[in-house]
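The values are calculated or read from the model by the stated rules, or taken from the named source; none is laboratory data. It should be emphasised that the depicted structure is a prediction, and the values quoted were computed from it without experimental measurement. Virtual Cβ from ideal backbone geometry, glycine too; neighbours counted across all protein chains shown. Accessible surface is based on the protein model in full, side chains and every heavy atom, while ligands, DNA and RNA are left aside. Shrake-Rupley method; radii C 1.70, N 1.55, O 1.52, S 1.80 Å.
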Amino acid sequence: MKLALSFTALFFSVILLQLSSGGIGPLDALSGIALKFTTTQIGLLGSAHFAGFFIGCWWAPRLMGEVGHARAFAAFTALGTLGILGHVLTDSAWAWSALRVAQGLCVAGAYTVIEAWLQAKVTNANRGRAMGAYRLADLGAALGAQLVISVLPPAHYVSYTLLAMVCCAALLPLALTRIPQPVVAAAPRLTPSLAWHNSPLAVAGVLVAALSGASFRMVGPLYGAAVGLAPSQIAFFLAAFVAGGALAQLPVGWLADRFDRRTVLVWLSVAAILSCVFTATVTDLPAWGIMLSAAVFGLTTYPIYSIAAAHAHDFAEDDKRVELSAALMFWYATGAIAAPYVASALIEGFGPPALFALIAIGHAALVIFGFVRMRARPAAATRTRYVYAPRTTFSVGRLLKQFRDPRNGD
């Protein structure tokens, strides 16, 4: 019972964190439109978030070692709350960018604490159920966060105050639990070259996944506004992307476990290109058609990261899996920092369809590189199991390590 209560506290914190952090991105984009920010300034807000996320992933394990899990979680959550509340004090895009760095620090730091705590509590007997509940909480709250935006007015103090309250409330489940804090594990060694050494295609895949996901979630509201969607409809537009990605996990995982992962990756990218071309060229769709196109876009792009990660782990030694997961997250975070700003600059110069043109070009490059790698190296003799990999922290590899047991490639 104590173990179940401990997991419940962790999952409630995940849900509250995701509702606040997942909502602040689209709310900032819509508020930026209302406040007449330039397109590149809105893109900079998304890039600033991932810059803070990158710093938080590196700093969080070290802070936990110095002050413990609970105090580190409190510090990061306080940073996130302050980062949201600060929006009501100024309408400067540059100040908002600094505040988004604080919010990115909160997300990375708080998730690192939660995943470290979860890792210390799971056993081989309950790991599958615990991870299933964790992923369900994360994805479900991510979907809910997009829908919350439909009822929050942009550029309004009430909206930011409510999100700050939700972020602050994430403190309560862990602060009130009586379960002892776990021993602090050593931070995974960050060796970005390890991912390239195991699979150059996997590195390319996570970079394209960052290009697709980060640019769409941070800059997608600009596209939605440009094609005539109301703020409430933009919320459903973004939610459709997350829902499509969630629905894709089972069928794509089935395919990735039965066929050459590189083939699945290539054809998924081909489907993503077609989705991008359709969305960018067909401009007179009704609202439901735009939602459907977002769902198809999520279905074709969301699983890219997990497939790339699974392919990299096919060539990894067992004692390097945690470091490899951290290296892949490093490359994803690097791409996510650049993607929103680059996408917004292209939108400013060439119009809203440039967002999907950029993503299509990225996937086209991945298709070409995939064929090059197929000629350079045969498929792995044995394959690990496909695992949906949350793009949360550098430490998430510890939770997933036991799921990546080798299996025959036939």
Fraction of the pair-distance distribution of the range 272-393 above 17 Å, Cα-Cα pairs, percent: 67 percent
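Per-residue ellipticity at 222 nm for the chain, helices alone: DSSP H runs ≥ 4 residues times -39500 (n - 2.57), over residue total, nearest 500 deg cm²/dmol? Intermediate values should be presented prior to the final figure.
Values: 16 runs with 316 residues, N = 410.
When only DSSP H runs of four or more count, the value is -26500 deg cm²/dmol.
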Euclidean distance of C-alpha centroids, the range 278-306 and the range 30-65, integer Å: 25 Å
Two-site label geometry, TRP254 and LEU176: point separation in nm, points 7 Å out along Cα→Cβ: 4.2 nm
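Hey, any idea what Rg/Rh is for the chain, computing Rh the Kirkwood way over Cα pairs? Write down the numbers at each step before the final one.
Details: Rg = 20.1 Å, Rh = 21.1 Å.
Dividing the radius of gyration by the Kirkwood radius yields 0.95.
Over the range 1-138, what number does the Rg to Rh ratio reach, with both radii from the alpha-carbon atoms and Rh per Kirkwood? Can you show the working numbers first?
On the way: Rg = 16.5 Å, Rh = 15.8 Å.
In the range 1-138, Rg relative to Rh is 1.04.
Provide, as a two-decimal number, the C-alpha radius of gyration of the range 66-105 over 2.2 N^0.38 Å, N being how many residues it has.
Working: Rg = 11.6 Å, N = 40, 2.2 N^0.38 = 8.9 Å.
Expressed relative to 2.2 N^0.38 Å, the Cα Rg reads 1.30.
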Contact order relative to length of the range 12-136, as percent, for alpha carbon pairs under 8 angstrom and 6 or more apart: 33 percent
Mean accessible surface per residue for the range 203-243, computed with a 1.4 Å probe while every protein chain stays in place, in Å²: 22 Å²
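Ignoring any ligand, DNA or RNA, what whole percent of the accessible area of the range 213-257 comes from carbon and sulfur when the probe is 1.4 angstrom? All intermediate terms of the calculation are to be shown ahead of the outcome.
On the way: 1070 of 1420 Å².
Heavy-atom surface of the range 213-257 belonging to carbon and sulfur, 1.4 Å probe: 75 percent.
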Sulfur and carbon atoms: percent of accessible area, the range 266-388 [1.4 Å]: 71 percent
Convex hull volume per residue for the range 32-78, taking Cα atoms only, in Å³: 68 Å³
Relative contact order (%) - the chain, alpha-carbon pairs under 8 angstrom, separation at least six: 25 percent
Surface accessible to a 1.4 Å probe, per residue, for the residues of the range 266-307, Å²: 41 Å²
Carbon plus sulfur fraction of accessible area for the range 1-77, probe 1.4 Å, in percent: 69 percent
